[in-house]
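Data first, discussion second: the structure below is written as structure tokens.
The values are calculated or read from the model by the stated rules, or taken from the named source; none is laboratory data. The shown structure was predicted, so the numbers you read here are calculated from the model rather than taken from an experiment. With ideal geometry, Cβ positions are generated from the backbone for all residues, glycine too; neighbour counts draw on all protein chains shown.
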Amino acid sequence: MTRARHAVLPFRKTAVAALGCLLLTFLATGAQAQGVSIDFGEGTGLTERAVQLVALLTVLSLAPSILVMVTSFTRIVVVLSLLRSAIGLQTAPPNAVMTSLALFLTLFIMAPTFEAAYNEGVQPLVEGNIELTEAFDRGSRPFHAFMRANVREKDLGLFTELSGQEAPETPEEISMRVLVPAFMISELRRAFEIGFLLYLPFLIIDLVIASVLMSMGMMMLPPVVISLPFKLIFFVLVDGWNLIAGSLVQSFSSG
């Protein structure tokens, strides 16, 4: 029991850090936004509490979008989807399983980033040592560094040109407006590159099975029916899940 409890502590710390960073991002975004300012007055009345509850629910509902934009989730979930298509499976593993695996791999990869953002931004804010704006600036630096380490220069140059901004003198001066979309299309490109490599062995199996069936005169039998078991056993024999998970984790730079 004691070992299990100690094993859970690192993951719990990472999860708390991740949630704290996501909440900090949205709270800071709202604090920096310019527009209509609403004063609810002092006190803790029913109306103020209701508004706070609605704001909290809005933040939590937008958290998945932030997860997709600034973490490794995009590359992982696309690769897993392409892997399932390459094998020829439609519903196995289910979408819930694929998404859960992508989520936990993301937490594993992003754990140092989440913890750094929590220690630099969220924790000082909770302790009252810094203001919200400064907390956002500190907390976003680890994510900024992670995205810079994994973005393509060509994609970064594209969005810098489209934004009409001058090229920054240092990488730290790249704005989130430019970095986030450049990072996302870089992740999609790399996911497709990995997906192409995943398709090749299964495509060869399909071609071999189709050639054998044609040579035997069994042209009415769909090759997919015969090739699927061979592709499954091939994936198991090469320890495919171990290779995929390890390759995905190692494909990211920590920044």
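For segment 48-84, the set of residues classified as among the small types (Gly, Ala, Ser), under 19 Å from residue 193 (Cα atoms), touching a residue at least 24 places away in the same chain (Cβ under 8 Å) and not in a loop (DSSP other than H, G, I, E, B) is empty. Given the condition more than 26 Å from residue 80 (Cα to Cα), surrounded by 18 or more Cβ atoms within 10 Å (Cβ to Cβ) and within 17 Å of the chain's Cα centre (by Cα), answer yes or no: does some residue in segment 119-141 qualify? Yes: segment 119-141 contains one or more residues that are more than 26 Å from residue 80 (Cα to Cα), surrounded by 18 or more Cβ atoms within 10 Å (Cβ to Cβ) and within 17 Å of the chain's Cα centre (by Cα). The condition (being in contact (Cβ under 8 Å) with a residue 40 or more places away in the chain, closer than 14 Å to residue 70 by Cβ and part of a helix (DSSP H, G or I)) is satisfied by just one residue among 107, 188, 179, 125: 107. Against the list (1) under 26 Å from residue 87 (Cβ atoms); (2) modelled with pLDDT under 90; (3) not aliphatic (A, V, I, L, M), the condition residue 193 fails is (2). Scanning segment 144-185 for residues that are more than 26 Å from residue 120 (Cα to Cα), of a type in the set (Ser, Thr, Tyr) and in contact with a Pro (Cβ under 9 Å, 6 or more places away or on another chain) gives a single hit, 160.
Within segment 210-251, the set of residues being β-branched (Val, Ile, Thr) and either surrounded by 16 or more Cβ atoms within 10 Å (Cβ to Cβ) or in a loop (DSSP other than H, G, I, E, B) (or both) comprises 226, 238, 244.
If you go through segment 225-248 and keep only what is aliphatic (A, V, I, L, M) and touching a residue at least 24 places away in the same chain (Cβ under 8 Å), you end up with 228, 232, 244, 245, 248.
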